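Below is one structure, written out as structure tokens, with a few remarks after it.
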């Protein structure tokens with residue numbers, strides 16, 4: 001009965017998200033105080049929305065489902081026929097995509113709506129909020145693997161917001177998929193967890209074997225509310241690997257009961273480059289992370305009392321082992337919280353020295369080594385027609401180029417026109433002094449349209465950047481493409497040419513989805529990793545949520561270089 005009442009309430013939301021103004025958040029079904037703040041004093045990720053509010057129906061489902069078929073250079077990494085509950089109900093919506101590749105292997109992960117209608121346990125771990133696809137032929141085709149393995153789903157389950165990384169210690173291909181990891185009871189400690197996966201074989205014998213959840217980070221604040229344990233919430237994880245030192249880093253936000261988000265950085269030992277056991281006992285197949293129950297265990301990059309910090313992304317300088325973290329400060333609170341109305345919205349960039357990130361114990365550092373920022377003309381109060389969540393975001397994405405001695409960030413910004421452009425700015429490693437006097441506009445096509453949710457993860461073997469993003473050609477359309485600027489020198493001061501990567505544009509007004517946001521709040525791309533310096537090639541993959549078959553699906557393409 002509770003489920004029926006819940007879905008009826010969300011059904012009323014559907015029409016507002018398609019044709020009218022942005023829909024308000026549904027009534028909170030999770031008693032955690034963090035959830036009550038979403039849409040009022042804070043905003044949060046798609047994974048947090050799933051954790052707090054459950055399924056949220058939106059869009060108009062097509063009268064006849066389009067037949068699933070190959071899409072040329074664009075590949076659906078999932079299979080809609082897998083997104084059916086044990087009771088035989090079709091789940092609409094896979095979004096929030098992340099991707100990584102090494103050798104012939106590619107893994108894409110996504111937020112999976114099938115979790116909402118599948119009991120614990122279900123075949124193929126359908127009850128998990130993080131789904132994944134595996135390719136052993138360079139992304140030409142994928143096998144939908146269902147959900148991430150988790151035999152303890154009655155205690156904790158994956159709630160999405162995945163990030164994928166890859167490396168090959170000792171020549172053996174491994175992938176890591178991190179996600180939110182919380183209790184189905186909606187109470188208790190909040191976690192981030194990862195699954196370590198090994199890829200092997202070829203053709204019909206190819207396999208991806210993923211392990212059980214490994215805890216990366218956990219809540220540092222808990223209180224008792226009406227006899228139930230409620231804890232701070234961990235959100236928006238993203239991971240980066242240091243293949244030189246055998247380390248995995250995760251950047252994330254912890255939302256406490258009175259603060260507006262603390263940016264943190266956790267570290268895991270994943271072994272040695274030769275495939276041996278690492279200093280803290282970690283191996284490629286069995287990472288050793290240092291979550292701990294104390295605030296000092298995971299390095300605090302930045303915190304805020306009034307204005308929200310969110311959207312943290314890490315990148316590693318392989319030459320020094322230093323880690324760079326970017327995030328947006330005063331996101332959403334810049335128009336929702338009066339105390340923040342006079343506070344500039346910034347994309348922050350912090351340099352965290354290797355010495356501040358021990359594999360065990362607490363950090364000897366109390367603050368990053370260097371900090372800089374760029375001021376953003378935010379699009380977070382700009383409604384995107386067909387996008388079923390309000391607001392959007394201007395989160396930075398970043399990559400380190402040791403060849404050019406730079407760390408670069410990209411983001412969407414409305415400084416030139418109200419619907420936004422994609423901008424790049426690079427900084428010198430170590431000092432964080434700016435390379436360009438002013439940010440460089442990246443989009444060269446359709447400059448009057450909409451440009452948002454850029455992706456940038458790592459540099460290619462030449463030290464160059466490959467940047468992809470969503471684009472609408474004109475203001476008056478909801479047809480959306482993925483566009484890329486390729487082989488971009490981090491030192492550039494001029495707008496590079498762009499290439500359309502999608503073979504078919506998606507009309508965001510005609511999709512059906514159980515997930516908010518229906519197309520996620522990030523896209524992703526990844527330069528294929530290699531097992532030897534410079535640890536990348538020039539083959540670059542992109543991942544995005546695509547609605548061409550009437551429901552959001554996790555697509556992949558090899559970007560045209």
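The values are calculated or read from the model by the stated rules, or taken from the named source; none is laboratory data. Just so we're clear, the structure is a prediction, and the values are computed from it rather than from any experiment. Cβ atoms come from the backbone with ideal geometry, glycine included; neighbour counts cover every protein chain shown.
Listed values, structure above:
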| read-out | value |
| --- | --- |
| Flag for residue 312 being modelled with pLDDT of 95 or more, within 30 Å of residue 454 (Cβ to Cβ) and surrounded by fewer than 24 Cβ atoms within 10 Å (Cβ to Cβ) | no |
| Considering residues of the stretch 189-211 that are farther than 15 Å from residue 268 by Cβ and within 24 Å of the chain's Cα centre (by Cα) only, the residue surrounded by the most Cβ atoms within 10 Å (Cβ to Cβ) | 190 |
| Qualifying residue in the stretch 262-281 (condition: modelled with pLDDT under 95, farther than 25 Å from residue 395 by Cβ and out of contact with any strand residue (DSSP E or B) (no Cβ under 7 Å at 6 or more places or on another chain)) | no |
| Wholly within the stretch 211-312, strands (runs of 3 or more DSSP E) carrying at least 1 residues that are within 18 Å of residue 362 (Cβ to Cβ) | 214-218, 247-255, 262-269, 299-302 |
| Top-ranked residue in the stretch 248-274 [being closer than 19 Å to residue 182 by Cα and more than 18 Å from the chain's Cα centre (by Cα); ranked as surrounded by the fewest Cβ atoms within 10 Å (Cβ to Cβ)] | 257 |
| Among (1) over 19 Å from the mean Cα position of the chain (by Cα); (2) surrounded by 24 or more Cβ atoms within 10 Å (Cβ to Cβ); (3) closer than 22 Å to residue 418 by Cβ, the one test that residue 473 misses | (2) |
| Test: residue in the stretch 453-464 that is in contact with a helix residue (DSSP H, G or I) (Cβ under 9 Å, 6 or more places away or on another chain), surrounded by 18 or more Cβ atoms within 10 Å (Cβ to Cβ) and in contact (Cβ under 8 Å) with a residue 40 or more places away in the chain | no |
| Residue count for the stretch 446-467, restricted to those that are in contact with a strand residue (DSSP E or B) (Cβ under 8 Å, 6 or more places away or on another chain) and farther than 19 Å from residue 489 by Cα | 7 |
| Failed criterion for residue 111 (all others in (1) under 20 Å from residue 456 (Cα atoms); (2) touching a helix residue (DSSP H, G or I) at 6+ places or on another chain (Cβ under 9 Å); (3) not in a strand (DSSP E or B) hold) | (3) |
| Sole exception among (1) surrounded by fewer than 24 Cβ atoms within 10 Å (Cβ to Cβ); (2) closer than 22 Å to residue 518 by Cβ; (3) touching a strand residue (DSSP E or B) at 6+ places or on another chain (Cβ under 7 Å) for residue 143, by number | (2) |
| Every residue from the stretch 537-551 that is touching a strand residue (DSSP E or B) at 6+ places or on another chain (Cβ under 6 Å) and surrounded by fewer than 24 Cβ atoms within 10 Å (Cβ to Cβ) | 537, 539, 548 |
